Amino acid sequence: MKQASDTIPKVFQHLRVGATQPDAGDIAIAAAAIQAGGLVAFPTETVYGLGANAWDAGAVAGIFRAKGRPASDPLIAHIARRAQLDELARAVPEQAHELCRRFWPGPLTLVLEKSHKVPANLTAGLDTVAARMPDHAVAVALIEAAGVPIAAPSANRFSRPSPTTAQHVLDDLAGDFDMLLDAGPTAIGLESTILSLVDNPPRLLRPGGVPLEALRQIIPDLRFEPRFLREDDAAPAPGTLLKHYSPRARLLLFQGSDDTAVYAAMRAEIAGNRRVGLILSNADAAAFADLDVAVECLGRDVAQSALRLFAAMRALDSAGVDLILARAPEKHGLGLAVWDRLLRAAEGTLIEA
Ligand code: TXA
Ligand code: MG
């Protein structure tokens, strides 16, 4: 019998691969590590994932250990072909077919009733399984070559912002996994949208790369009730843990349509604090150019904000600020996902200005 140690490299391997045409030899090395029960970090179009063979409960347990992730938080299974969904899910409802045709490959995760084949620890003991087909040549090639669905959470340490670059993965998890497929920065920067089809009507569990408006074209009665739970609440539903996308620094989130009022409220907060950082659009940042504070500019539009948000949180943490001020974006399109991550980082509190 082949031993895991035969194919998991003894030394950590950092393989730089092309984002659109990865080298087949590199993919084969990573796929062998997956087959042997190893942990391989890989890029998707949203964020980097920390992958393991989804059928192998031992390998899946390794993901939880490496991340320091509570066993109560289930993982997403990543697939490369539509047929793999039939192995993961007990039944695939008609609505799922349409969603897959329209949004896969892409940043949409579907929650369905799970098949018997799925290990219990992958789903944190739930009867449901989350699955998605990533839109990234490296992820797809890895899943195809491994020949199994790949269980993967975002490749950050638990409660840190998700990694949008290979360096973020190394910053959080170096020494705790076997191989890194490094294809440069990810394209979207925020995680997938999670949609539960086991609820009736279907429910949006996490806003993400596919906008709510696009989903409502197919599911007009799709429900979305943002819920933000305090960490000390008993047994929160998976994925609703409040402190989930957080920088180490405290984050205050300001909301208001009157620029002058928002800027004044932020300035009042800056005045009373020593080490402050700002996460703002280019336009908003210009209003603070006279101040000696660390500023992370999110760019000109919501797509750029999505791409830069997590890196901005990490950068301000590295700069050693104690307090981060940010402004809530408009809640349409990708803006809803940006708003959700900022609100979680702010532990559910919005300051109206
Ligand atoms: O874009 C993404 O989705 C990235 C990339 C790597 O694919 N993955 C990602 O995984 O964000 P993770 O583990 O960081 O977030 C997955 C979320 C968790 O909050 C988990 O609670 C939820 O999916 N989830 C997984 N299975 C579920 C289930 N059966 N029911 C409800 N929520 C589930
Ligand atoms: Mg995550």
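No lab work stands behind these numbers, since they all come straight from the coordinates. The structure displayed is predicted, hence computed values, not measured ones. For neighbour counting, all protein chains shown are included, and Cβ atoms are generated from backbone atoms with ideal geometry for every residue, glycine included.
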Cα gyration tensor, region 253-353 - rounded (a/c under 1.5), prolate or oblate: rounded
Protection proxy ranking, peptides 41-50, 268-277, average beta carbon neighbours within 10 Å, highest first: 41-50, 268-277
Ranked packing of 203-212, 250-259, 297-306, most packed first, by mean Cβ within 10 Å: 203-212, 297-306, 250-259
Listed peptides 161-168, 313-320 by packing density, highest first (mean Cβ within 10 Å): 161-168, 313-320
In Hz, Karplus ³J(HN,Hα) per residue of region 257-268 (6.51, -1.76, 1.60; θ = phi - 60°; x = Gly, Pro): 9, 8, 3, 4, 5, 5, 4, 5, 5, 5, 4, 4
For the chain: rounded, prolate or oblate by the Cα gyration tensor [a/c cutoff 1.5]: prolate
Global form of region 1-149, assessed from the alpha-carbon gyration tensor, a/c cut-off 1.5: oblate
Net charge over other residues, Cβ less than 11 angstrom from the Cβ of Ile188 (K, R count +1; D, E count -1): -3
MRE, 222 nm, helices only [DSSP H, n ≥ 4, -39500 (n - 2.57), over the chain, to nearest 500]: -9000 deg cm²/dmol
Among Asn200, Asn53, Asn121, residue whose mean-square fluctuation peaks in a GNM of the chain (springs only between Cα atoms under 10 Å): Asn200
